[in-house]
Amino acid sequence: MIWELSQDHDPATGDEPLLDALAGPLCSGRETICDDGADNDADTLTDCADPDCDAAMHCCLLHPDRDCDGDGALNAADCAPDDGGAFAVPERLVLAVRKPAAAGGAAEISWTDLAAQAGAGILYDLASGTIAALGPAFPGAACLSDDGPAASYTDGRSAGGGGTDGFWYLVRGENVCGQGPYGRAPLEGAAVCD
Ligand SMILES: [Ca+2]
Ligand SMILES: [Ca+2]
Ligand SMILES: [Ca+2]
Ligand SMILES: [Ca+2]
C-alpha cells in the first residue's frame, strides 16, 4: 500500500492550515479583554477566570488574600483595596494646648503622623479655640486647617490672642475610608472642618 502524504504548506501564501488550526487555540496569546464576557484566546477560561487577567484591578479584587493596590494591606483587611493611599480609618489623636508663656508669636503644632496606621493618603483637620472660652460643648471651636497633608501646622496667631490661657487644639485624620474622631463628642457631629 502506498500512502500519499498531503502537503500542508502552501508555498504561495506561507499558510499551514492544518497546523494553524491546531496551534491557534492552544498558543495564540492572551485574554485581551477582561470584562467582555468572552473567552478571547479560546483557552476555555473567560475574563477573570483566565490567569492572563490577574493584573486587572477588578479581577485582583476578587481575591481577599492579595494586595491589589500595593499598600501593604491585603484586600480583606483594606477598607479601600483599590486605593494605595488608604487601608484603615484614621485613629483618634490627642488634645493639645498652647500656653502664652510657652510661645510668643507663631508656633508649630505637631502631632503623630497616622500614615503608618491608616495609609499614605492621610489628611488632617485641625480645630481650635481659646482655652478661656473652653467648656463642655466646645463653644467657639473653629476650623484652623482643613485637609492638610502634613502632621503639623504653623499657627500664626499670637498665643496671647487666646487670652491668658492660650489655645486648645484638636486634630483628626481623614482619608477615603472615613474620618477619624476628634475624640470629643460635641465636635464629632459639628461642622468643624469638612
Ligand atoms: Ca481565555
Ligand atoms: Ca474576555
Ligand atoms: Ca491593599
Ligand atoms: Ca488601600
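Kindly check whether there is at least one residue in segment 37-54 that is out of contact with any helix residue (DSSP H, G or I) (no Cβ under 8 Å at 6 or more places or on another chain), more than 16 Å from ligand 2 (Cβ to nearest atom) and not assigned by TED's automatic domain parsing to the domain that holds LEU114.
no
Please state which of the following conditions ASP165 fails to meet, knowing it meets all the rest: (1) of a type outside the set (Phe, Trp, Tyr); (2) surrounded by fewer than 21 Cβ atoms within 10 Å (Cβ to Cβ); (3) out of contact with any helix residue (DSSP H, G or I) (no Cβ under 8 Å at 6 or more places or on another chain).
(3)
Among the candidates ASP65, ASP71, ASP52, ASP113, single out the residue that is of a type in the set (Asp, Glu), farther than 19 Å from ASP147 by Cβ and away from ligand 4 (no atom under 16 Å from the Cβ).
Going through ASP65, ASP71, ASP52, ASP113 in turn, just one is of a type in the set (Asp, Glu), farther than 19 Å from ASP147 by Cβ and away from ligand 4 (no atom under 16 Å from the Cβ): ASP52.
At least 1 residues that are modelled with pLDDT of 95 or more, more than 16 Å from ligand 2 (Cβ to nearest atom) and closer than 15 Å to GLY180 by Cα in each: list the strands (runs of 3 or more DSSP E) lying fully within segment 57-143 that qualify.
Working: elements: 96-98, 107-110, 123-130.
Qualifying strands (runs of 3 or more DSSP E): 123-130.
For segment 73-89, does any single residue satisfy the condition of being surrounded by fewer than 18 Cβ atoms within 10 Å (Cβ to Cβ) and over 19 Å from GLU174 (Cα atoms)?
yes
Residues to consider are THR154, THR164; find the one that is out of contact with any strand residue (DSSP E or B) (no Cβ under 8 Å at 6 or more places or on another chain) and assigned by TED's automatic domain parsing to the domain that holds SER110.
Matching residue, one of THR154, THR164: THR164.
The values are calculated or read from the model by the stated rules, or taken from the named source; none is laboratory data. Please read these numbers as outputs of a predicted model, since none were measured by experiment. Note: ideal-geometry Cβ built from the backbone for every residue, glycine included; neighbour counts use all protein chains shown.
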